[in-house]
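Below: one structure, written as structure tokens.
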Amino acid sequence: MRHVLLLALAALVLAAPAAADAKTAKLTTYTGTLVARSTSSVTVKRSERSVTCSREVSSPRLGGVQVGRRVKISCTSGVLVTFKAVLSGAAAGTISALSDGSITLHTDGSDVTCARNDGSPRLGDYHVGDKVKITCTEGVLTAIAKLDAPPDVRTEFGTLTVLSDSSLTIHTQARDLTCTLNDHSPRLGEFHVGDKVKIACTNGVLTAIARVEAPADVRTGLGTITALSDSSLTVHTDGGDLTCRRGDGSLSLGDYHVGDRVKVSCTNGVLTTIAKVDAVTTTITSGVLTALSLTSLTVLSDGGERTCSRTNGSPSLDGYLVGQHVKATCVNGVLTEIEHL
């Protein structure tokens, strides 16, 4: 019996220091500059004193907080139990935690926490998940503002198809675009359905409109004049025939004739420029006539087949037949001379 009592007393004596340590262990908080960090400890300097806390498996992670940042740590019996970056300046990110005493922001670099006091702005309109920009002074929140998404601005060119007091619609090459109107939208008194306009809509609301002319349809070609009259001119190019209208203000064509090789441009179907280019003369000294029509002929020679077009200025082909040997000359692809061999 005495032996049992002695064992029980010894157990109480050994347990007493552990119980005392558990009661005396307390949470100590330090705010200062992070001067060292490793897998086993962190060191924070405040004033002239440095404090080092060890890191264990249960200790919080340090994230991307680098040496030189201002931090707030808490240690129990020399072991790190809390670790937060203290912001002095501005940061932008997403609210990840919000309470009466602090706000935590998740930024690209790390999480930053600012304390809140009686002088901090109220956060009744803010919630976890909001994108905000905050300013903290010595770790205390002094300013906060929401970061709105960038405005959705769309600009389009098209024809005004619908116009009402509340919206307008334009028809573009790709789609119809409708914009609503509000008190800040431009006035539309001078615009009508059918007008060609360029508009800008910001978040679906009309913010700008201007009447514009349709883009000019400019076509150019290099080839031989095949038809010429007071009302039009036609040039045969490698891509086909290009016909341009002639009006009162069109260029004078007194020096141009069917068969001339020219470079032309037409704007919205009207002749706007014309210039002669050097003639290209092709002479077939001897060949066999392999094709013959009202608009062209083809001659096979040692150099291969050559086809020349026929215009009103080309010589008559009466008496010529497929299979005959001929000599021919073409200028800019138009037959100008031919004779039997």
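The values are calculated or read from the model by the stated rules, or taken from the named source; none is laboratory data. Because the structure is a prediction, the values reported are computed rather than measured. With ideal geometry, Cβ positions are generated from the backbone for all residues, glycine too; neighbour counts draw on all protein chains shown.
Numbers for the structure displayed
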{"item": "Lone unmet requirement of (1) surrounded by 12 or more Cβ atoms within 10 Å (Cβ to Cβ); (2) more than 30 Å from Ile73 (Cα to Cα) for Gln173", "result": "(1)"}
{"item": "Residue check, Lys327 charged (D, E, K, R) and within 29 Å of Ser252 (Cβ to Cβ)", "result": "no"}
{"item": "Boolean, Ala85 is outside any loop (DSSP other than H, G, I, E, B), in contact with a Leu (Cβ under 7 Å, 6 or more places away or on another chain) and under 21 Å from Thr142 (Cα atoms)", "result": "no"}
{"item": "Any chance Leu168 is in a strand (DSSP E or B), in contact with an Asp or Glu (Cβ under 8 Å, 6 or more places away or on another chain) and farther than 30 Å from Thr282 by Cα", "result": "no"}
{"item": "Scope the stretch 199-220; condition among the aliphatic types (A, V, I, L, M), free of Cβ contacts under 8 Å to residues at least 40 places away in the same chain and not in a strand (DSSP E or B); matching residues", "result": "Ala214"}
{"item": "Verdict on Gly63 being surrounded by fewer than 15 Cβ atoms within 10 Å (Cβ to Cβ) and at pLDDT below 85", "result": "yes"}
{"item": "From the options Ser301, Ser309, residue that is touching a strand residue (DSSP E or B) at 6+ places or on another chain (Cβ under 7 Å), within 26 Å of Leu251 (Cβ to Cβ) and not assigned by TED's automatic domain parsing to the domain that holds Asp248", "result": "Ser309"}
{"item": "Which listed residue, of Val81, Val65, Val140, Val132, is under 12 Å from Thr33 (Cα atoms) and not charged (D, E, K, R)", "result": "Val65"}
{"item": "Residues (surrounded by 15 or more Cβ atoms within 10 Å (Cβ to Cβ) and within 15 Å of Val218 (Cβ to Cβ)) located in the stretch 244-269", "result": "Cys244, Lys263, Val264, Ser265, Cys266"}
{"item": "Among the candidates Ile170, Ile144, residue that is in contact with a Pro (Cβ under 6 Å, 6 or more places away or on another chain), at pLDDT 85 or above and not acidic (Asp, Glu)", "result": "Ile144"}
{"item": "Residues that are within 27 Å of Thr307 (Cβ to Cβ), at pLDDT 85 or above and assigned to a loop (DSSP other than H, G, I, E, B), drawn from the stretch 226-252", "result": "Ser229"}
{"item": "Selected residue (only one of Ser74, Ser96 is closer than 30 Å to His127 by Cβ, modelled with pLDDT of 85 or more, outside the structural domain of Thr137 (by TED's automatic domain parsing) and in a strand (DSSP E or B))", "result": "Ser74"}
{"item": "Conditions (1) in contact with an Asp or Glu (Cβ under 8 Å, 6 or more places away or on another chain); (2) closer than 30 Å to Gly240 by Cβ: number failed by Gln173", "result": "(1)"}
{"item": "Tally of residues being in contact with a Ser or Thr (Cβ under 8 Å, 6 or more places away or on another chain) and either free of Cβ contacts under 8 Å to residues at least 40 places away in the same chain or on the phi > 0 side of the Ramachandran plot (or both) across the stretch 108-137", "result": "11"}
{"item": "Residue in the stretch 152-160 that is of a type in the set (A, V, I, L, M) and either within 30 Å of Ala90 (Cα to Cα) or in the same structural domain as Thr107 (by TED's automatic domain parsing) (or both) present", "result": "yes"}
{"item": "The stretch 270-281, residues that are among the polar types (S, T, N, Q) and surrounded by fewer than 12 Cβ atoms within 10 Å (Cβ to Cβ)", "result": "Thr281"}
